[in-house]
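Below is one structure, written out as structure tokens, with a few remarks after it.
The values are calculated or read from the model by the stated rules, or taken from the named source; none is laboratory data. Quick caveat, the model's predicted, so the values are computed rather than measured. Quick reminder, even Gly has a Cβ in these numbers, built from the backbone with ideal geometry, and neighbours come from all protein chains shown. The protein model used for the area step is the full one, side chains on, heavy atoms only, and it has no ligands, DNA or RNA in it. Shrake-Rupley method; radii C 1.70, N 1.55, O 1.52, S 1.80 Å.
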Amino acid sequence: MALTLYLLTFNCARTLVQPHAFAPHMFDALEPDTRYPDLLVLNLQEIAPIAYGFLGGSFLTPYFDCFKKVVKLAAKDQNYVHILSQNLGMTGIMVFAREDVADNINWTQTAGVGLGLGAMGAKGAVGVRLGYRIGDSEEVELTFVAAHLAAMEDALERRNFDYQSIVQGLVFVQDHPAGEDENAPLLQGNAQPKPLESGIYSTTSHLFLAGDLNYRTSLIQPSPHDVEHKFPQPAKEEDDPRHFIHLLAEDQLTQQVKAGKALHGLTEAPIGFPPTYKYRNVGDKAVTLDGEGDWQWARHRWPSWCDRIFFWKTEHVKVEPVRYTCLPLFATSDHRPVVLLATVPLRSVSGAGVSDSATAPFPIDPQWRSKRALARKKELAVGLLAYLILTKEGAALALATTVGVVGVWIITRSILVL
């Protein structure tokens, strides 16, 4: 017996997706007439403009609702239960369970950490850990982390440091039993006692990390010659100089993982799909499929496999990838979504008596809590300012407030003069 997982990572480019365009391709990694996966996890970057992402709450509701609609349309007659949606700034994660297995989720935990400037959430990571019941007293623990690391070709070391910051600062601390989490009103079962603090590396949990990890295929920007002769184009044979396999050899992330400098202990299924970034949308097509002409690349960025999904292969209870691929290009983003279909044996991970610190490449930062609290205050301040300046409704509110203040001042002055 195994649990089937379907993980998707997508940089939304701060734009609402088009559900009717996205939904028909959501489950492209499934073979025809196969059963829908038990758990569906959406890892989302740049889910909304910075104002809405930093303010959070109801400002993100329309963006999460779009993906709920995508899942409903994609699953057709199969119902999925929305377990939770969580964000850290502009990075979000959503978990769904097929209706017939949703009751097996005993508990959930969430955590997040900001990366980059001020440790705010323009870049960052958000995680969900859950317990999936497999018997009267046993369960499988699963940890899902959605991440967005530093951009640009030359920011290689920054990306490595961002991963270190995730390991040190993304800490799970609180359970949400059934009936106590407003995001998961349908969860059932009793919360199990957990450690007071636990990082993403846990000897009792599987780990999946997905996101726009932003590792590129060069340290410098492309030249016009590179664009014409090295940018990949559709080719069936690998000996074709324009086949993407040649550029894949330059992938920074593969090199850094092999060197033990990033994603320590994690692995990835073989890549057999073209670069997922940076595309240039041409025309008004909602969806562009492979085979409908050449790939249209932005000329100032190297085509790269920025969007990736990694997992931790534990020693005895191993995750088995079934299919790892990318979806078509959607008009709302310059990234293509990436999906992983995998199975997890319905057996507990063996880690009793082994400290989490024995497997984690970096220790938890003892000041992680105060740093996150300070960063959250900065996010609210920046989010409010961005809302008032960069959004129509915020600008209208600022104008109305200004007019009101001026009006009160004029009236007060007139009374005092009299």
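Quick notes on this structure:
- In the set L84, L130, only one residue is within 19 Å of P345 (Cα to Cα) and in a strand (DSSP E or B); that residue is L130.
- Where Q78 falls short, out of the listed (1) buried (at least 17 other Cβ atoms within 10 Å of the Cβ); (2) not in a helix (DSSP H, G or I): (1)
- Count - residues of segment 91-112 that are part of a strand (DSSP E or B), of a type outside the set (A, V, I, L, M) and within 14 Å of E141 (Cα to Cα): 5
Results for (1) modelled with pLDDT under 90; (2) touching a helix residue (DSSP H, G or I) at 6+ places or on another chain (Cβ under 6 Å), shown as yes or no for each residue.
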position	(1), (2)
T108	no, no
V128	no, no
L149	no, yes
E182	yes, no
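- Residue match in segment 243-264 (condition: farther than 27 Å from M152 by Cβ, in a loop (DSSP other than H, G, I, E, B) and in contact (Cβ under 8 Å) with a residue 24 or more places away in the chain): no
- Identity of the residue in segment 278-316, β-branched (V, I, T) and in contact with a His (Cβ under 8 Å, 6 or more places away or on another chain), that ends up least open to solvent (accessible area, probe 1.4 Å): T314
- Index of the failed condition, Y277 passing every other in (1) over 11 Å from P303 (Cα atoms); (2) at pLDDT 95 or above: (1)
- Output for segment 61-70, where each listed residue is out of contact with any Pro (no Cβ under 9 Å at 6 or more places or on another chain) and either part of a strand (DSSP E or B) or surrounded by 19 or more Cβ atoms within 10 Å (Cβ to Cβ) (or both): Y63, F64
- Exclusive hit being at pLDDT below 95 and closer than 30 Å to R133 by Cα, set A342, A358, A395, A400: A358
- Among the residues of segment 225-281, the ones that are charged (D, E, K, R), under 28 Å from the mean Cα position of the chain (by Cα) and farther than 15 Å from V338 by Cβ come to 4 in all.
- Number of the condition not met by T325 [criteria: (1) in contact with a Lys or Arg (Cβ under 7 Å, 6 or more places away or on another chain); (2) in contact (Cβ under 8 Å) with a residue 24 or more places away in the chain]: (1)
Here is a yes/no grid of residues against (1) buried (at least 20 other Cβ atoms within 10 Å of the Cβ); (2) of a type outside the set (G, A, S):
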site	(1), (2)
R323	no, yes
P328	no, yes
L341	yes, yes
S355	no, no
A360	no, no
A381	no, no
L384	no, yes
L390	no, yes
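- Contact map, segment 378-389: residues that are basic (K, R) paired with residues that are surrounded by 18 or more Cβ atoms within 10 Å (Cβ to Cβ) and not in a helix (DSSP H, G or I), Cβ distance under 7 Å, separation 6+ or inter-chain. Pairs shown: K378/M120.
- Failed criterion for G118 (all others in (1) over 30 Å from R35 (Cβ atoms); (2) of a type outside the set (D, E, K, R); (3) touching a Gly at 6+ places or on another chain (Cβ under 8 Å); (4) not in a loop (DSSP other than H, G, I, E, B) hold): (3)
- Residues that are part of a loop (DSSP other than H, G, I, E, B) and aromatic (F, W, Y) were ranked within segment 15-60; the one that is most open to solvent (accessible area, probe 1.4 Å) is Y36.
- Sub-8 Å Cβ pairs linking a first residue in segment 200-219 that is farther than 20 Å from G92 by Cα and free of Cβ contacts under 8 Å to residues at least 60 places away in the same chain to a second residue that is open to solvent by 10 Å² or more (accessible area, probe 1.4 Å) and of a type outside the set (K, R), at least 6 apart or interchain, number zero.
- Selected residue (criterion: nearest to Y215 (Cα to Cα)) from residues of segment 253-269 that are touching a strand residue (DSSP E or B) at 6+ places or on another chain (Cβ under 8 Å) and surrounded by 14 or more Cβ atoms within 10 Å (Cβ to Cβ): L253
- Residue match in segment 282-297 (condition: more than 20 Å from P361 (Cα to Cα), touching a residue at least 24 places away in the same chain (Cβ under 8 Å) and of a type in the set (F, W, Y)): yes
- Some residue of segment 217-238 being in contact with a strand residue (DSSP E or B) (Cβ under 7 Å, 6 or more places away or on another chain), under 25 Å from V113 (Cβ atoms) and crowded, with 21+ Cβ neighbours inside 10 Å: no
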